[in-house]
Every structure is written in structure tokens, then in C-alpha cells.
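The values are calculated or read from the model by the stated rules, or taken from the named source; none is laboratory data. On a predicted model such as this, the values are computed, not experimentally measured, just so you know. A quick note on method: Cβ atoms are made from the backbone with ideal geometry, for glycine too, and the neighbour counts reach across all protein chains shown. Quick note on the areas: whole protein, heavy atoms, side chains included, nothing else; ligands and nucleic acids left out. Shrake-Rupley method; radii C 1.70, N 1.55, O 1.52, S 1.80 Å.
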Amino acid sequence: MIKTIRHKSIIDTIEKDGFIGTEDIARKYNVSLATARRDLDELEIKGFLRRKYGGAESVNNSLFTTGFFVREEEYI
């Protein structure tokens, strides 16, 4: 799976459920735990989520009012 699509899906899950686990990411997207952690680290740096032990949670609902790809382009 393309990283950008995976990141969008991770953000969508957090927006819907409020939390996503690192192991859930690895299993759902068939990636290693290290890749899942890197994905969460990258998304936290960009302000999309807040890392927690074992996964990540939503920072707040206002982060998701801007489209993912618009915010992604702002950081490239």
C-alpha cells in the first residue's frame, strides 16, 4: 500500500474511533511494527495525531477539518 494512502486511512480511523493501535496498523496494512511506528511518528510531527503508548489518538477534531492531502502538501 502506498504510504500516503495508508496515512490517510490511519487518520480516518483515528477521526472515527479516536484511537488506533500500532499492532492494529501493522495487521491491517500488512506492515511491520517498525513501519507502523514510523507512520505514527511522521503523522505526529505533521500535527495529525498525538502518540500514546501502543498507538495514537486524535489531537482534536479541528485538525480534521482541513483535508489530509491539503495539509500533506503544506509540509512537503
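Some points to look at:
- Look at the stretch 49-69: where a residue is modelled with pLDDT of 55 or more and open to solvent by less than 30 Å² (accessible area, probe 1.4 Å) and a partner is of a type in the set (Ser, Thr, Tyr) and part of a strand (DSSP E or B), sitting 6+ places away or on another chain with Cβ atoms under 7 Å, you get 49/58.
- Restricting attention to the stretch 22-44, the residues that are surrounded by fewer than 17 Cβ atoms within 10 Å (Cβ to Cβ) and either at pLDDT below 95 or in contact with a strand residue (DSSP E or B) (Cβ under 6 Å, 6 or more places away or on another chain) (or both) add up to 1.
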